[in-house]
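A short worksheet on the structure shown next.
The values are calculated or read from the model by the stated rules, or taken from the named source; none is laboratory data. Because the structure is a prediction, the values reported are computed rather than measured. So basically every Cβ, Gly included, is an ideal-geometry build from the backbone, and we count neighbours across all protein chains shown. Please note that ligands, DNA and RNA were not included when accessible areas were found on the heavy atoms of the full protein model with its side chains. Shrake-Rupley method; radii C 1.70, N 1.55, O 1.52, S 1.80 Å.
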Amino acid sequence: MSEVTVHPVSAEWADKALIGAEAYAEKYRRSLAEPDAFWAEEAKRLDWIKPFTRVKDTSFNVDDFRIRWFEDGTLNLAANCLDRHLADHGERVAILWEADDPATPGRRITYRELYAQTCRLANALKAQGVKRGDRVTIYLPMVPEAAVAMLACARIGAVHSIVFAGFSPEALGGRIDDCASDVVITADEGRRGGKTIPLKANVDAALEHHAPNVKSVIVLRHTGADVPMVAGRDIDWADAVAGQPGDCPPEEMNAEDPLFILYTSGSTGKPKGVLHTTGGYGVWVSMTHEYTFDYRPGQIYWCAADIGWVTGHSYVVYGPLANGATTLMFEGVPNFPDHSRFWQVVDKYGVEIFYAAPTALRALMREGDDWVTRTDRSTLRLLGSVGEPINPEAWEWYYNVVGGGRCPIVDTWWQTETGGHMITPLPGATALKPGSASTPMFGVQPALVDGEGQLIEGAAEGALVITDSWPGQMRTVYGDDERFFQTYFSTFPGYYFTGDGCRRDEDGYYWITGRIDDVINVSGHRMGTAEIESALVLHDLVAEAAVVGMPHDIKGQGIYAYVTTIAGTEDSDDLRRELIQWVRKEIGPIATPDVVQFAPALPKTRSGKIMRRILRKIAENDTGNLGDTSTLADPGVVDDLLANRPES
Ligand code: WT7
């Protein structure tokens, strides 16, 4: 391991931050030693309708497995994000919106306006027959109405399932089917980087082959494009809310009632519906948003993630709004119309806290410092990173060029499953080591285990597990408790298995080394290799496919697909291109393979298992060291793969 530059906490941050080094140590100690007292205190950050009497009731053991937090308390999370802010700061801006095209005027929506819009849509949903517990699928671009739709569901106790607007009709349809939504909320079109995304057309296509139970599709007019409306099923958002009252009593939800489902890829083909509940999730995202970002009311905060991912749920909408923050929503992309776009938006709104994925930073870094340094950025005080490991070079660029050496960087490690930040520096407490997510959040007990599931102490490398529950933890895979237990709690009994490998250094800092299951991380987005393989084999000419990750300068990992075509097929460049388009169409652009290698056969053991280790090595171009190939049924297969590795 090469030397890392440690950036100590500045005197100013140590002095002014909500949590300094001593406070961190003391609070962390207490969160583990007296969890009930600690969390009862933190739970006061939310308004409860009926207070809870029981705080933590959890076990990761097979015999008495359960995850329940604040279980007899009741609350409404939309009311916590809206109603309680009205009395003192109803006129404060809740959402700042910046359009894809800088020439389009932005929007400023106060808490009072957001409240009224949410209530109107909540009433409209009720009028469409949506009841407490029903699932509503949201397929919207990055517009304030996406937050309105989430909050409207939460207000009436409906469970939202957001599908990222970049997913294909096929992926959307599968997700609507899985949770049996009967209402879909979408827009005519989305806009990103100057291109339009045919959202309504995608919904129509999805509903041709899926989800016969969908009764209504609510369509937001965003670009104003003329889209076909199905009579009796489709309804204009404006018509749906017209005449609906601007008040809607919040449904009294139990702390453990579901709040949302969010699909994420795992090591098997079918995406899992990660289910989060109300009370624990609310406490977790509010607490982590405040402490990690040292958030003070009134500050302008921008998380550049899309609401289609968990980062958008927790840190564009629920965490910030629960804390009465001003949260910026950006419809566009970092490089449109040019590579200064992020920093122009920072200057336009006076952004103080900026949170983005390393992949975007690496792409911008490549374009040169000028795009950054020609902007002012003097309002920035804190930077955040999320979604994938940040390489020290990108970290230093972010710190020195973007942040002008003034702003601490919080490298937040967490997952869709964890609801919010798990391992992260706190800006006033943690000396920063570029590339390390550093130390655990309150209540989080990370540990490393070896291949046998034995805990390993001290400076070491192993599989990252969490040994006890935290309030923001997912509660189940929607409709499949058994899969939930099998996926996360059976590999290392008694522990939550993250799927990540990790190193802990002599100072107790954690360094995430990446996924150790069949999941790859492409531009901060999680892709299951099995999902891409399933899409490939749906093509008539594909007999078999195996997908692995490969190193990629910008995306972190790229997608490398080995494809065996059916006998007699000509493995042409045209077919290669066709297969790449095929996967884009089946899943969406984020799943586009970077390399397709035709393989007459895949390396398999005598029992027929594909040896992915070898495929990974070839994809990484680490071919000098393929390890033991003696157990292969036909070792000659490997020579062929090596000889025909395409240039990438
Ligand atoms: C996986 C979770 C975190 C919300 C967005 C992605 C990787 C995430 C970091 C980080 C290193 C990271 C892990 C994790 N990851 N943050 N700061 N450093 N790796 O959520 O799609 O559920 O993916 O992203 O591999 O397991 P997700």
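Residue check: is Arg406 under 24 Å from Gly298 (Cβ atoms), in contact with a strand residue (DSSP E or B) (Cβ under 9 Å, 6 or more places away or on another chain) and at pLDDT 95 or above? Write out each step before concluding.
On the way: under 24 Å from Gly298 (Cβ atoms): yes; in contact with a strand residue (DSSP E or B) (Cβ under 9 Å, 6 or more places away or on another chain): no; at pLDDT 95 or above: yes.
In short, no.
Return yes when Phe489 is touching a helix residue (DSSP H, G or I) at 6+ places or on another chain (Cβ under 6 Å) and of a type in the set (A, V, I, L, M, F, W, C) and no when it is not.
Details: touching a helix residue (DSSP H, G or I) at 6+ places or on another chain (Cβ under 6 Å): no; of a type in the set (A, V, I, L, M, F, W, C): yes.
No; evaluated as a whole, the condition is false for this residue.
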**OP:** Could you list all residues from region 498-521 that are open to solvent by less than 30 Å² (accessible area, probe 1.4 Å) and over 30 Å from Ile67 (Cβ atoms)?
**Re:** Asp505
Original post:
Do the conditions hold for Ile409, that is, is it within 22 Å of the chain's Cα centre (by Cα) and more than 23 Å from Pro35 (Cα to Cα)?
Top reply: yes
Original post:
Mind checking which pairs have a first residue in region 389-404 that is of a type in the set (Ser, Thr, Tyr) and a second that is in a helix (DSSP H, G or I), Cβ under 7 Å, 6 or more apart or different chains?
Top reply: Tyr398/Leu361
Original post:
Which of the following residues is in contact (Cβ under 8 Å) with a residue 24 or more places away in the chain, basic (Lys, Arg) and within 16 Å of the ligand (Cβ to nearest atom): Arg362, Arg377, Arg366, Arg381?
Top reply: Arg362
Subject >> Only listed residue being within 30 Å of Arg483 (Cα to Cα) and away from the ligand (no atom under 14 Å from the Cβ), chosen from Gly332, Gly350, Gly319, Gly282 >> reply: Gly282
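Taking region 508-520 on its own, how many of its residues are away from the ligand (no atom under 11 Å from the Cβ) and either under 19 Å from the mean Cα position of the chain (by Cα) or outside any loop (DSSP other than H, G, I, E, B) (or both)?
From region 508-520, those away from the ligand (no atom under 11 Å from the Cβ) are 508-509, 518; that's our starting set.
Next, from what is left, pick out any that are either under 19 Å from the mean Cα position of the chain (by Cα) or outside any loop (DSSP other than H, G, I, E, B) (or both): 518.
Residues in region 508-520 being away from the ligand (no atom under 11 Å from the Cβ) and either under 19 Å from the mean Cα position of the chain (by Cα) or outside any loop (DSSP other than H, G, I, E, B) (or both): 1 in total.
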Original post:
Is it true that some residue in region 390-404 is polar (S, T, N, Q) and under 30 Å from Val519 (Cα atoms)?
Top reply: yes
Original post:
If you go through region 299-320 one residue at a time, do you hit one that is over 22 Å from His525 (Cα atoms) and surrounded by fewer than 23 Cβ atoms within 10 Å (Cβ to Cβ)?
Top reply: yes
**OP:** Kindly provide the set of residues from region 576-585 that are open to solvent by 30 Å² or more (accessible area, probe 1.4 Å) and touching a helix residue (DSSP H, G or I) at 6+ places or on another chain (Cβ under 8 Å), ordered by number.
**Re:** Trp582, Arg584, Lys585
Subject >> strands (runs of 3 or more DSSP E) contained in region 521-624 and holding at least 1 residues of a type in the set (Gly, Ala, Ser) >> reply: 525-528, 542-552, 556-565
**OP:** Out of the residues in region 384-399 that are outside any helix (DSSP H, G or I) and open to solvent by 10 Å² or more (accessible area, probe 1.4 Å), state the one that is farthest from the ligand (Cβ to nearest atom).
**Re:** Asn391
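Are any of the residues in region 202-223 part of a strand (DSSP E or B), open to solvent by 10 Å² or more (accessible area, probe 1.4 Å), modelled with pLDDT of 95 or more and not assigned by the TED database to the domain that holds Thr592? Can you show your working first?
So in region 202-223, the residues part of a strand (DSSP E or B) come out as 216-220.
Cutting the leftovers down to open to solvent by 10 Å² or more (accessible area, probe 1.4 Å) gives us 220.
Imposing the further condition that a residue be modelled with pLDDT of 95 or more reduces the set to 220.
Now drop any that are not not assigned by the TED database to the domain that holds Thr592, which leaves 220.
There is at least one residue in region 202-223 that is part of a strand (DSSP E or B), open to solvent by 10 Å² or more (accessible area, probe 1.4 Å), modelled with pLDDT of 95 or more and not assigned by the TED database to the domain that holds Thr592.
In region 141-158, what residues are under 30 Å from Ile587 (Cβ atoms) and either of a type outside the set (A, V, I, L, M) or surrounded by fewer than 24 Cβ atoms within 10 Å (Cβ to Cβ) (or both)? First the steps, then the outcome.
Quick first cut of region 141-158, residues under 30 Å from Ile587 (Cβ atoms) only: 141-154, 158.
Answer for region 141-158, where residues must be under 30 Å from Ile587 (Cβ atoms) and either of a type outside the set (A, V, I, L, M) or surrounded by fewer than 24 Cβ atoms within 10 Å (Cβ to Cβ) (or both): Pro141, Val143, Pro144, Glu145, Cys153.
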